[in-house]
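Structure first, then comments.
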Amino acid sequence: MGCVERDREMKRRRKRREKLQKLRKVYANAASDGEKAELLAKARKISPLFTFDE
């Protein structure tokens, strides 16, 4: 029974990583500080300790 939960956990982790990679690309192309703050808020909803490394 534990294997099924592990599969779900792995799927959630992969999906989170994909979303954060997309947000990194958008953040790199963001022009204003307002856009960057908005993207950081979205990323923090997905992963609370996340930061964009510049």
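Excluding ligands, DNA and RNA, the accessible surface per residue across the chain is 90 Å² with a 1.4 Å probe. Could you check how much of the accessible area of the chain is carbon and sulfur, as a whole percent, using a 1.4 Å probe? The computed percentage sits at 52.
Counting only the Cα atoms, the chain fills a convex hull of 70 Å³ per residue.
Each label was represented as a point 7 Å from its Cα along the Cα-to-Cβ direction; for L49 and K19 these points are 1.8 nm apart.
If I build a Gaussian network model for the chain, linking alpha-carbon pairs within less than 10 angstrom, which residue out of R13, R24, R44 has the largest mean-square fluctuation? Highest fluctuation of the listed residues: R13.
The values are calculated or read from the model by the stated rules, or taken from the named source; none is laboratory data. Values in this document were obtained by computation on a predicted structure and should not be read as measured data. With ideal geometry, Cβ positions are generated from the backbone for all residues, glycine too; neighbour counts draw on all protein chains shown. We work out accessible area using only protein heavy atoms, side chains counted, and drop any ligands, DNA or RNA first. Shrake-Rupley method; radii C 1.70, N 1.55, O 1.52, S 1.80 Å.
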